[in-house]
Each structure stands twice: as structure tokens, then as C-alpha cells.
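Scroll down for the structure; my scribbles are underneath it.
The values are calculated or read from the model by the stated rules, or taken from the named source; none is laboratory data. Not measured: the values here are computed from a predicted model. For neighbour counting, all protein chains shown are included, and Cβ atoms are generated from backbone atoms with ideal geometry for every residue, glycine included. Only protein heavy atoms, including side chains, enter the accessible area calculation; ligands, DNA and RNA are left aside. Shrake-Rupley method; radii C 1.70, N 1.55, O 1.52, S 1.80 Å.
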There are 4 protein chains.
Amino acid sequence: MPIRKPVLDPPFNIVRASHVVFDVRDLGASRAFYVDCLGYLVTAESKDALYLRAVEERNHHSIVLRRASAPQVEALGFKVASEDDLDRAAAWFKRKGLPVSFPEVPHQGRTLRTRDPLGMPLDFYARMDQAESMLRKYATHVGARIQRIDHLNCFTPDVQASYDFYCDLGFRLTEYTETDDPDPKLWAVWMHRKGNVHDLAFTNGAGPRLHHIGVWTASALDILHICDVMASSGFLANMERGPGRHGISNAFFLYTRDPDGHRVELFTSDYLTVDPDHEPLRWSLRDPQRQTLWGHPAPKSWFEEGSPFIDTPVRAPVLEAQPIVAR
Amino acid sequence: MPIRKPVLDPPFNIVRASHVVFDVRDLGASRAFYVDCLGYLVTAESKDALYLRAVEERNHHSIVLRRASAPQVEALGFKVASEDDLDRAAAWFKRKGLPVSFPEVPHQGRTLRTRDPLGMPLDFYARMDQAESMLRKYATHVGARIQRIDHLNCFTPDVQASYDFYCDLGFRLTEYTETDDPDPKLWAVWMHRKGNVHDLAFTNGAGPRLHHIGVWTASALDILHICDVMASSGFLANMERGPGRHGISNAFFLYTRDPDGHRVELFTSDYLTVDPDHEPLRWSLRDPQRQTLWGHPAPKSWFEEGSPFIDTPVRAPVLEAQPIVAR
Amino acid sequence: MPIRKPVLDPPFNIVRASHVVFDVRDLGASRAFYVDCLGYLVTAESKDALYLRAVEERNHHSIVLRRASAPQVEALGFKVASEDDLDRAAAWFKRKGLPVSFPEVPHQGRTLRTRDPLGMPLDFYARMDQAESMLRKYATHVGARIQRIDHLNCFTPDVQASYDFYCDLGFRLTEYTETDDPDPKLWAVWMHRKGNVHDLAFTNGAGPRLHHIGVWTASALDILHICDVMASSGFLANMERGPGRHGISNAFFLYTRDPDGHRVELFTSDYLTVDPDHEPLRWSLRDPQRQTLWGHPAPKSWFEEGSPFIDTPVRAPVLEAQPIVAR
Amino acid sequence: MPIRKPVLDPPFNIVRASHVVFDVRDLGASRAFYVDCLGYLVTAESKDALYLRAVEERNHHSIVLRRASAPQVEALGFKVASEDDLDRAAAWFKRKGLPVSFPEVPHQGRTLRTRDPLGMPLDFYARMDQAESMLRKYATHVGARIQRIDHLNCFTPDVQASYDFYCDLGFRLTEYTETDDPDPKLWAVWMHRKGNVHDLAFTNGAGPRLHHIGVWTASALDILHICDVMASSGFLANMERGPGRHGISNAFFLYTRDPDGHRVELFTSDYLTVDPDHEPLRWSLRDPQRQTLWGHPAPKSWFEEGSPFIDTPVRAPVLEAQPIVAR
């Protein structure tokens, strides 16, 4: 039985998944995708970086794009509740023998940079510059009218190891996929801190790599509209999968790829999970509706491609099991 | 019994309500309202006029704004099926002793300018310059994403007279309001040529005056969004009534006023009426759900204000009956 | 150049596509699909037949299901403007050497039964029993909240021949697909009488067979909801294609198959086409966005399967050209 | 300055607003409203009580209706994180000199019954019977397709006192209204535990009384649909205010009254507030868009009427300030 009870008193208090730092090759091309097409707001911009936020976000950035020679993910950002939590986190990671540093990070307060045991680069911070929420300036809501960042979804070579690590940090399981063996193996997990289906998810695969960031829209019609916009304004090739409905998390989704191949899921309509006795939902790896309620197959790229993390070797997964592709 | 059978072989073939020509005092202010806020597309622009169309329209214009010293309506425009229909129309209006001329009208073919017996200025034409439909260029759909012009709604001092005149021209009744007298009087009529609830409607009141033009959106959510935009970008005072649902025509609506007070109804979701045996729907003047299914009162301005027609005296209505304001 | 000018004075006045008569093997199974799942209203029911209408329809039926030993289509129904039109139609079909009879048809007035030159069975009538419109009885709107029937879409072995025949009857072309030869061939046509994209469409293929009936919903969200309902209540296998957006007609669509394989397209958001000078939109057979704006491939069944017409041999198509399947 | 820093280490851990217990005079009438019209699911039913939940809720009930001779509120229910929290809560309330008991409550684990200093009856519990989530059984989503309970909104005679009490319990302020005095007074507060705008809100007025419970829908279109349903199936008089948009909380709302006058707000689209440094949003009491972004006046009943709490005297408010009613 690979599933454990939630840890309700974690060593430090992570509030939520907060942002991602993407290396991209051409900031102009990225701007066309994120700002002109999807409608992201620009909080700050230099010749080397672009800081983006969505319409309800007061945090200075939820996506940082940095000019680089090759696409990769520099960091997954998480907000902690206080500066004390940051110190507790640093001490904890040190005790685990994991790397700890406090680099200067623009627009953020003290930032703890570390890695999880599988190698994923993590940034923790308690304070970030605040920007004006544009939620009630509706004339600025364009493109997909994205509201906020929601989650980070990663390939891991060892789902059980990733699950155990983040479970210890207080991430609570909401849904999971396992094999149907007498001795079942975890194939994928969805875990949250903020009270909906997930802040962080892991799927069995060559990793660690980022599968996608998930961003929230207020209505499914916003997602249908951006499909029309993308398909008719030169971004058809950036539409990878969807729109559709996942069985898992109940999400209505569209998966897009940015000009560097980083994957951005636009989604809406999951559910509240704050109850400590919220029972995780189990899916069989062989249930096709897990992936796609309506029966649409996902493309091969969706199962295989992901963004590498900076200076992080990719390992083959410990499980060979493969999900049943719908139909 | 004031209702007649539809005239299925009218003297000439009117296709639909096509456009309106508004006199406005400040083209810049009008542009801010129609283009920047509502999202109308500009087909042509000069220092004296602005030609607008909505996203699915191939006709060069459905709203013409002309710079003038005072707000008024220069013409209500209707498309006829052919040049022959235009000649038949000219002959017919002449026989009725109504004024007939063929002024040069930019971007239109031959244009018959006339008036109905109550004085409303009418432009008929068969050909207009065609522009590219932007329906499939979704990135250009902004603001309320208005699709097309739908109808013209007027105050008339004599609903029966207006009804009779347009009935003769082949307009078919779909819904009507009458008094509950033993000898009922028509209080309002909705009449169509193109196959939905109306191209032209009349309500009892000081007139003739234009009450509003009605324009179509693809979704009620487009109307909710433009409410948010208007309320948060300086156009709150331009929101006159709604959003709400009419009993009549099943329309989900928002009534706006442009900077000169011309009224524009954004609406969606009426129904198909092409069947020649389509039975008109009767409403009692005393039924409050006629006006407003959900029970919201309309403001006084909505009942009383309208746009004057050029060189057209306004007469008091023949009926004194007043509708019951909801609640 | 296979495209002709519209015939504006046809030999008789067809108002619109009105209904279909499906033979089905199990009325209970059909009822579960159409009524319990999709939300159709039952106007009349016997042990041998089920008469269905959608929420805005006043006509007694738009779908007739008849108990039979094998699935097939008994008739495609069209409403004409008057009894005189019915007589003109009968005379016209006789002159063409096509079969003419006036069978008794329940709930309809005089009904002309005939066939087009390719063998498709056609029913014309001017009067049908009227039922109460349920449009304003919103509590009865369930399932997909289907509003009305919109169109009939058929495979034909000879698109040019079908186009020419219905063009003579006054059907006007709105969109078409042709080959890119120097001497282009018609591959598919969309034609209307009622003022939107189509009442009748033809695609090159083994035929004549019915490809699908198209029914209208008021919102794309109604279609997303019925996807969720079908996928979670035993109708997943009945979802054949979509939801998605056609380039052609701008339709947001879902194709379903009833328990006998008859195909029903739920769709919304096409556009107005009443202008006689409305220019048809040409698509190249090689343009993948024609079929599917967002790039989703259609399943093989969608290209190949259709409902046979009663006593109507199926012929191979004259063209061998095949559309490019997206991606 | 009446606003304090959030208390991040409260004496016990309240998870969220969980349910309400309404006394009603006629369970049949209540069932018609909540179940047949709004679409609530019935988890359990007896001749004296009805237990209701919404489609995503696994908790046995979020609304309990109890047969009684007069309408009132028996309890506001809150979930705490654990049985230990319940004991800590009991100890804490005792120390404050507030009443503490542990009555048997059907379908709940140990339940602490107490009152706040102003007299509001509170039930705390950690465990409730769990029912199957119907979230993915979409065919059961009818009426307004309500997803879950969201918040409880109360009149208090002393907003500052209520705010101070619940601030001590860890409720965090997200938005507030105050007077424009040099020495500003709190007029209304919105406070949360679960990470969106509120679990609990207070407005200055004769109290304590319940103003409304707020329940969440996935889409604004669900709210428009239930408006149509209510207005056309005998529930027009139960529609008290809206649909509309609040400036506060960004909610799209409809206020309904159940057959006993208990107020239920259907709403959607607020925002995430989990960040501990989330800055509360201040509104001036004189800002009309606070209440109603689109400028619609609220009816007098909305400002004045509320549900009394069991055995709880109502006191006049300490502030006499009145909000500006829009327009």
C-alpha cells in the first residue's frame, strides 16, 4: 500500500506553487506567445528577462522568461508562509544533505535555492514585490483571460520517491493512479497545499523533467476562444492537446506549447480539497477515462516530451507500465 | 382584432434591416465607445464620418457615424434583394405620395431615400461595398465580440398605423402586445423579414423616434464581460438597463447609450421564425414578464428617451395606456 | 467553374429543412438516447413510433423514430410555404420524371413524397400539427437543451449533380470545397433556404446516404455539458467526434451516433446568410482547417459511415479525391 | 485604524464554513425550492428533516432543513482539522465564558455547540459522514448545478467586535468597508480560512442575524439559467436581487429567498487568497461600485431582512452610517 496519511504538521509551511523560471531562446517570440496571444500581463521587462503575471495575481510574477541559448527550467517557485519558514526550510534541506543557497533574485525577498532528492531545482521565498491586481480592470483581460497560476506537473523516474518526499513536506494527496498488481505501484500523484486538486503532480516517466505548468481560467469559454485565436493567428502548431475533460481533477483543459516547447495547460473547474479527511481518489492505470473523459487520444508528444531542469540529469523511470491510451 | 395575416407576396423584396446612420457630436468620443469599448471594426474613417461593422458582417457598414452639431438619426437602412426591387420600391412609395430620391451614398450602390407615412427616414439599397468577414480571424474579436446588426426598434405615435404599413411591405409579425380591452389596441409589435424575431419593432410613444438598434452577440457571457468592462473603464453611465432577460423574444439583453444618447441593445438568443404559419405570440400589456422575465424594473429613461429622426416632428401617441413596470 | 448564380425565383418555395424519419430497431433504446440523455421532448408516442421536438420548436416533430427491423432513413422532410407550393412541387417533380405520391402522414397536412434524381427520399408539406413552444418553460430544458433542427447533411456519389438539382430548387450556396485542379471539381457544398449556413449539405462519397442531421444549441457550454453527461452515463461510445470547431460554417460541434448509428450533430454559432449577394466561401480540398480548425483528426467512421435511405441503392462516388485529414 | 494583522497561529484550526441548519415550516415547500428548483441532492430525509449537499460535496450535508413552527437558524457549522482541535476549541470557548456543550448531532462526529460573544450559535466538528461525490456523475447536475457551499454572511450590531473575535480565531481579512471619517469605523468585513475571499462575512445591521449563505456554481451561465427557471416555474418572487456583479469579491451573484425567507446567494468567480501577505482590499462606504459594479440598486429587503438565530436577541447596530445605494 503505497499511500500514506497526510502530514498535517510539516517541518515548514509551504503555501502554494507560485511561479516558474523558463529559459527561452527568443524573448520576442515568447512575448508574442504569452502576452500577445494568451494575454499575460507584463510586470517588468529587460533585454534578458520578461516577468509575467495573470489578471488576479498580485505577486510580481508567476512566469519568468530568461533569455538563454537552450530551453530549460531554472527553478520551480514555491511561496512559504514566513521568513521563519524559510529558515526552517533551509535547516531541513541541509539536514537531508541537499544543496542550500540564498542567491539574489530580482523582485523577490530572501530566496532559498535547493533541490529535491531527485534533482528538481526549487526556489522558496516568503516575500515578493506586489503589483496591482488587474482583476477588476476588465478591459485588460484579453486572450485567454488567465486568472492565476495553479500548479506544476512533473515527470519523475520514481513516483513513490517523489510522493514520499513531498508528503513529508505537507503536500496532501487528492488523486492518484496505480497499477492493478496485487502489490500496486504508484504511477501518478496529484498533491496540494492550497486547497484545490494540486500544486504539484508527478507522473512516471524519464525525469525529473517539467511536464507542464497549469494556469487557471474563469470559464471553459475562455479556453474555447483561445483555441479559435491560436488556430487562426499562427499558433495552431502550439496547440498540443485538447480542449477536453480529464477524469482526473475534473479539469477542462487545453495543452499548449510555447515557442521553446515549454508546456502550458490552460484549465478550469476542479474542486475544493481543504478538508483534512478528504479521501484521495484512486484511478486504475487501465482506466481510459482517467486521462480523457471524452475518449480523445493524447498525442505521443504529450506522453514523452518535457522541459529539462537546469544541470539535472534525466533518468529512466523505475516502472515500465504504460497507461492505456483512450480508444 | 388589429392583427392581420402576413403578406407573403409584398410589392418589393426587403431582405433585412441593414444599418443605421447616426449624427454624433464628437467622432472621437463615439470611436472610444463603439470601437475601443464595444469592439466594433472600422471599415472606413474620415474627419466627418466613421463606418463600422461587426465581426461576421461582409457589408461595408452596419453603423455610420456622421459628425454633426446635434444627435439625430439620418436614416434607417434596409437591404432589398435586387436593383429591380429598388425600382419597384421607388414606384410604390411614389404611388403612396411619399418622397422619393436617389442621393449619392458612399460605399453603397443606388440608394432610394424615402419616408414612411409617419415620417421615419428610410434608405433602401441592393448593393453595398463588401469587406472581408472577420468571423474566422478570432484575434480581432474584442470587447463584446458583436457578430452583426439584428434589428431597429422605434417609438411610433400610432402602432396600428406603423404595423399596417410594414405588414403591407411583407414584414411578418412574431410577437405583439395589446391592451386587454374588449376592443384591444396594439401597443407594440415585433416584425421580421430575415427569419428571426425581428428586423423592425414599434412601441407606443411620442414619435416617430428611434428607440434602439439591436446587435447580436454569440454568447450571454460576451454581454456579462462587456458589463464588467464598461463599469470599470469609464462607461458605467452608458449602461442603461440590464443585463436581463426579456419575456418578449426570449432575448438576453444589455441596453447601452452611446455618447450622444443613441441606444444600442446588445442581445442574444431569440429563435427561428421562417415558417409562414408561425403563429404570433400575444402579450397582455399588463403582463410584467413581457418586459422583464426576471422582474427587474426598467429605468424611466428607457421608457421615455429616444433618438429623433432628421427633420421629423414628434407627435404624442394615440394611446395613453402605459405598461406595468415590473414589480 | 462548377458554381452557378443562385436561383432567386425557384419553381416552388421551400422554407427549410424540417425533419427526418429514422427507422430504428429498439424504440426504448432510442428514447434513452434522444429523450433521457439529449433532452428531446416527446410530442407523441405509440408502440411503433416516437415523435420528438426540441425546445423552441412549435412543429409537432423534427425527429420521427419508427420501429423497424433495420436502421435506415425513410424520408428527409422539408416545409414549403403553402399548399400551392406543394402542388407546384408535385407538378415540377412529375415533369422531371420523378415519383410523386401523397401518402397519409400522421400529424402532417398533405404530404408530397418523392425522390431527387440521385434517389434521396423527400417529403414536402406545408402544414404540420403545432405544439406548444417550450422555449420559455426553462425548467424543461435538460440534457443538451437542444433548440431546433438546423440541417441535413448527405453523402452523394455526384456532388455536382446534387448541387445543380438543389440550386434549381432555390437552395443557395454558402460554402464549398473543391479540388485544386485547373478544372476544379466540387467536393462538398453547403446550401441554405432559411438564411444561415445550411439546410442541406452534400459531400462526395458512396451514396446517397444521410451523413447526419444537425441540431442547434444556444451555447457551446451546452455541448460541453452533454459531453460530460454522455461520457459518464453509458453513452461514451455514442460520442464519435468533437467537441471541436469546423473552419467550414464556423460551427462548434459534437457528432454523436444514436443506438442505430444514425448520426446527430449538436452545433452552435454559424452566421447569417440572407443577403442575395452573399458570396460563397471557397475551401481547398487540401486545406486541413476546413474540417477542423483546431487540428483534431476525425475518426475513419466519420468519413465512411452513413445511414442508408429506404429502397435506395448506394453508388460509388464519381470523384476519388480524398480530403487531407488534419495533422 | 481598526484593521489588525492576521493571526497565523490560532488557538485551534478551523478549516472552513461547512453547513447551516435552517428551521423551516414546510419541508415539502423547502424541498420544491432546494431540490426540484435549485438542484440540491438529498443525502437523507425524514419527516422532520432534510439533509442536502451539492454536486462536489462529500460531506453528508451542507444544508440541514428542520421542520419547525417558525423560520430561524439553529446553527452555523464549521469544520475543524481534528478531534484535538475540537477539544482545544471547547477549552478556549470555556475560558472566554461562552457556553459549551456536545449534543448528539446526526451524521456528524463529536460536535461542539457554542456561541460567539454576540450570540451567534456555532457548531464545530471534525468528522461528518461522507457521501459519494457526484461531481463526475454529470447527469445528476440539474437546476443551478451548485458545486458546494462557500460562505456564511451575517448582520452584526458591532462589526469591530465580530471582526476582532474571528480574527483571533485565525480568520483572515480579504476585503473590508469602512467609513471615511478621520477615525474610520469598520462597516463590513470579509474573512476566510479556506483560501478564497470568505468563509464568514459581517455587515453592520440589526443583529446578530444571518444575512445569507453563499453557494458556488461553476459558471455564470448556470446562474442565468436558474434565473430563467425560477422566473418561469413559480419562483419569481424568490428572486430577490441580481444577477449582477459585486465590486467586493468580484462575485457574479444571484440572491434568492427560500420559502421561509432564508437567503441563498448563488455566486461564482472570486479569487485565491492563500498568501499570508495578501493585502486586504479597502472600500469606502461611499463607493457605490462596492455593492454593485454595474450600478443596479439592491432592494430594501436585501439591506434589512435576515434570518434570526435561535434564542438570540437582536440588537440595534452601533453604527448609524448607511451605504450609498447605487444610482
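Send over the semi-axes of segment D:1-155's equivalent ellipsoid, whole angstrom and largest first, taken as the square roots of 5 times the C-alpha gyration tensor eigenvalues.
29, 18, 15
Could you tell me what percent of the accessible area of segment A:87-149 is made up of carbon and sulfur, with a 1.4 Å probe and every protein chain present?
51
Just tell me how shielded A:250-261 is by partners: mean number of partner chain Cβ atoms within 10 Å of each residue's Cβ, no decimals.
The shielding value for this peptide is 1.
Assuming a ≥ b ≥ c are the square roots of the Cα gyration tensor eigenvalues, decide whether the protein assembly as shown counts as rounded (a/c under 1.5), prolate (otherwise, with a/b larger than b/c) or oblate. Don't skip to the answer; put the middle values down first.
Details: a/c = 1.70, a/b = 1.40, b/c = 1.22.
Since a/c reaches 1.5 and a/b is larger than b/c, the shape of the protein assembly as shown is classed as prolate.
Inter-copy label distances at D:ARG88, 7 Å along the Cα→beta-carbon direction, one decimal in nm, shortest first?
Sorted ascending, the copy-to-copy spacings read 1.2, 8.5, 8.5 nm.
In straight Cα distance, which aspartates and glutamates are under 15 Å from D:LYS47, not counting same-chain residues fewer than 8 positions off?
D:ASP23, D:ASP26
Taking each residue of C:235-241 in turn, how many C-beta atoms of other protein chains fall within 10 Å of its C-beta, and what is the average?
2
Can you give the accessible area per residue of segment C:237-303, in Å², using a 1.4 Å probe?
The answer is 27 Å² per residue.
May I ask you to give the percent of accessible area on segment A:179-288 that is carbon plus sulfur, with a probe radius of 1.4 Å?
Solvent-exposed carbon and sulfur of segment A:179-288 make up 53 percent of the total.
Note down the net charge around A:ARG209, summing +1 for each Lys or Arg and -1 for each Asp or Glu among other residues with Cβ under 12 Å from its Cβ. Intermediate values should be presented prior to the final figure.
Working: positive: A:ARG263, A:ARG315; negative: A:GLU304, A:GLU305.
Within the 12 Å Cβ shell, the charges total 0.
Could you give, in nm with one decimal, how far B:VAL42 is from each other copy of that position, shortest first, with labels 7 Å out from Cα toward Cβ?
2.3, 5.9, 6.2
Taking 50 Å² as the minimum loss, tell me which residues in segment C:275-301 lose that much accessible area going from the chain by itself to the full protein complex (1.4 Å probe).
C:ASP275, C:PRO276, C:ASP277, C:LEU293, C:TRP294
I need the phi-derived Karplus couplings for segment D:312-319: 6.51 cos²θ - 1.76 cosθ + 1.60, θ = phi - 60°, integer Hz, Gly and Pro marked x.
Listing the rounded values in order: 10, x, 9, 10, 5, x, 6, 9 Hz.
Which ³J(HN,Hα) values in Hz, rounded to whole numbers, follow from the phi angles of segment B:24-32 under the Karplus curve 6.51 cos²θ - 1.76 cosθ + 1.60, where θ = phi - 60° and Gly and Pro get x?
My calculation for segment B:24-32 gives 9, 8, 8, 4, x, 5, 5, 4, 4 Hz in order.
Determine ³J(HN,Hα), in whole Hz, for all residues of segment A:211-220 in sequence, where each value follows from phi through the Karplus function 6.51 cos²θ - 1.76 cosθ + 1.60 and θ = phi - 60°; x replaces Gly and Pro.
So the J values, rounded to whole Hz, are 7, 6, 9, x, 10, 9, 10, 6, 8, 4.
Take the alpha carbon gyration tensor of segment C:196-327, find the square roots of its eigenvalues, order them as a ≥ b ≥ c, and report rounded if a/c is under 1.5; if not, report prolate when a/b exceeds b/c, else oblate.
Note, shape of segment C:196-327 comes out rounded.
What nm distances, shortest first, do you get from the label point of A:VAL318 to those in the other copies when the point sits 7 angstrom along Cα to Cβ?
6.0, 6.7, 9.0
Note down the Stokes-Einstein diffusion coefficient of segment A:1-65 in µm²/s, whole number, using a Kirkwood radius over alpha carbon pairs, 20 °C, and 1.002 mPa s.
The calculation lands on 153 µm²/s.
Name the chymotrypsin sites (Phe, Trp or Tyr not before Pro) in segment A:1-40 that are in a loop by DSSP and that have at most 16 other C-beta atoms within 10 Å, would you?
Values: sites: A:PHE12, A:PHE22, A:PHE33, A:TYR34, A:TYR40; in loops: A:PHE12, A:TYR40.
Here no chymotrypsin sites (Phe, Trp or Tyr not before Pro) fit, given the DSSP loop and packing criteria.
Among the residues of segment C:136-161, which ones have their accessible area go down by 20 Å² or more when all the protein chains sit together, as opposed to their chain alone (1.4 Å probe)?
C:ARG136, C:TYR138, C:ALA139, C:ARG145, C:ARG148
If one takes the accessible area of chain D alone plus chain B alone and subtracts that of the pair, with a 1.4 Å probe, what total in Å², rounded to the nearest 100, results? Write down the numbers at each step before the final one.
Working: alone 13580 and 13590 Å², together 25530 Å².
Between D and B, the summed buried area is about 1600 Å².
Taking a spot 7 Å from the Cα of D:LEU98 along the direction of its beta carbon, which residues of segment D:121-162 have an amide N less than 14 Å from it?
Flagged as within label range: D:121-125, D:161-162.
Give me the inter-chain shielding for A:56-66: mean count of other chain Cβ atoms within 10 Å, whole number please.
2
Could you name the lysines in cross-link range of B:LYS79, using Cα to Cα under 24 Å and dropping any fewer than eight places away on the same chain?
List returned: B:LYS5, B:LYS94, B:LYS96, B:LYS194, C:LYS5, C:LYS194.
Taking the Cα centre of chain C as the origin, how large is its charge dipole in debye, to the nearest 20, when only Lys and Arg (+1) and Asp and Glu (-1) carry charge on their Cβ atoms?
Working: 38 positive and 43 negative charges, 58 e Å.
For chain C, the charge dipole is close to 280 debye.
Given a 1.4 Å probe and every protein chain left where it sits, what share in percent of the accessible area of segment A:1-61 is carbon and sulfur?
The nonpolar share, carbon plus sulfur, comes to 51 percent.
Give the chain C residue with the shortest beta-carbon distance to the rotation axis relating chain C to chain B, plus that distance as a whole number of Å.
Smallest Cβ distance to the axis, with its residue: C:GLY195, 2.
Could you tell me what percent of the DSSP beta bridges with both partners in chain D are antiparallel, to the nearest 5?
Bridges in chain D that DSSP calls antiparallel: roughly 70 percent.
Accessible area per residue, 1.4 Å probe, Å², for segment B:26-172: what's the number? Write out the running numbers ahead of the final one.
Values: 5060 Å² over 147 residues.
Using a 1.4 Å probe on heavy atoms only, each residue of segment B:26-172 averages 34 Å².
Using the Cα gyration tensor of segment D:199-273, with a ≥ b ≥ c the square roots of its eigenvalues, what is the shape: rounded (a/c below 1.5), prolate (a/b larger than b/c) or oblate (neither)?
Here segment D:199-273 falls in the oblate category.
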